[in-house]
Amino acid sequence: FLNKKFNNTLNCKQNVLFLQNILSQKSVQNNIIMLYQQQIRAYQQKIKNKTDLLKVQTYAIIKKYWFKTFLLSIFIWVFLSRDISIQLNLNAPSDNNTSVAAKNTSSKNNRTKAVNTSLLSKSKTTGGKKKVAKKKKVWTAKQKRQLKYVKRYAKIAKTEMNKFGIPASITLAQGLLESNIGQSTLARRNNNHFGIKCFSRKCKKGHCSNFSDDSHKDFFRIFSSTWESYRAHSLLLKNNKRYSKLFKLGKKDYKNWAKGLKKAGYATDKTYADKLIRLIEELDLHQYDN
């Protein structure tokens, strides 16, 4: 229509006016609207056809794989409704091992059940008394210092026990008692933790020292290290006949060792054995005798 009516010979302004006149006509406007509506309907029909095709394809897939879809939906429902923890064991045993393990676990379960039933019967016979949890020890300030000393010299005490047969608990308790937890003048100046005296009349300079008077009995050995003091203590007990009977006792028999040391005259204190035993039991020093 425009090709017929449009005059190429007219100038630009006239052409624009011509077009305005044509578009102002109602019939032309209606035709344009109809064209747009037709295009919209065609586009809507195209979308509808695609959705229908997608529905058909989905239905065909579900129909073909309905069982797998059903199982998958159940799995998703279970996974979402309950907490499931899946542990991957990369080193999974073989079938034979798993069967054996299953048998072992079943036998262990039976044993534990038997033990539980026996415990229940015992609790019934004892009037249903509940077990009281063991309270944690509360250490005093002095005991904390003693434990620091024990921690520092426990390895030396165990080495001496393995070499000479003296219980480590006895060695540690004597070291604590004789050196006043390593703070006595003798321990600090001479590294002498066991009150070992010097009885030699021809000792060299630096071998011993005196802290009270000129009596030779008050001279105490000087050691270059604490370890040397511990070794001298072991040799004193091992080589002196007064203590020979003690080595017939077991390494864990700390009570008789303490009493034997007092009886052999290691110290003049009448309560020496009781003090050693009390230290060992309060600080659990017997654990180092194993």
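Numbers for the structure displayed
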quantity	calculated
Accessible area expressed per residue, the stretch 131-275, with surrounding protein chains retained (probe 1.4 Å, Å²)	65
Fully extended contour minus Cα-Cα distance, from L72 to L19, at 0.36 nm per residue	12.6 nm
Solvent-accessible area of C208 with every protein chain in place, 1.4 Å probe, in Å² to the nearest 10	30
Of all accessible heavy-atom area on the stretch 167-290, the percent that carbon and sulfur account for (1.4 Å)	48
Amide H contacts under 5 Å for C208, placed H, 5+ residues apart	I222
Computed accessible area, T271, all protein chains, 1.4 angstrom probe, square angstrom	60
Accessible area (Å², 1.4 Å probe, nearest 10) - F18	50
Listed residues Y254, Y243 arranged by accessible area, highest first, probe 1.4 Å	Y254, Y243
List E160, E228, ordered by accessible area with a 1.4 Å probe, largest first	E228, E160
Centre separation in Å (Cα based) which lies between the stretch 26-83 and the stretch 134-186	85
Packing rank of 282-289, 60-67, 163-170, where each peptide gets the mean count of other beta carbons within 10 Å, highest leading	163-170, 282-289, 60-67
Order by protection proxy (mean Cβ within 10 Å, highest first), peptides 264-270, 70-76	264-270, 70-76
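The values are calculated or read from the model by the stated rules, or taken from the named source; none is laboratory data. In this text the structure is predicted, and so the values were computed from the model without any measurement. Ideal geometry is used to build each Cβ from the backbone, glycine not excepted, and the neighbour counts take in all protein chains shown. Ligands, DNA and RNA are stripped out before the accessible areas are found, and what is left, the full protein with its side chains, is counted by its heavy atoms. Shrake-Rupley method; radii C 1.70, N 1.55, O 1.52, S 1.80 Å.
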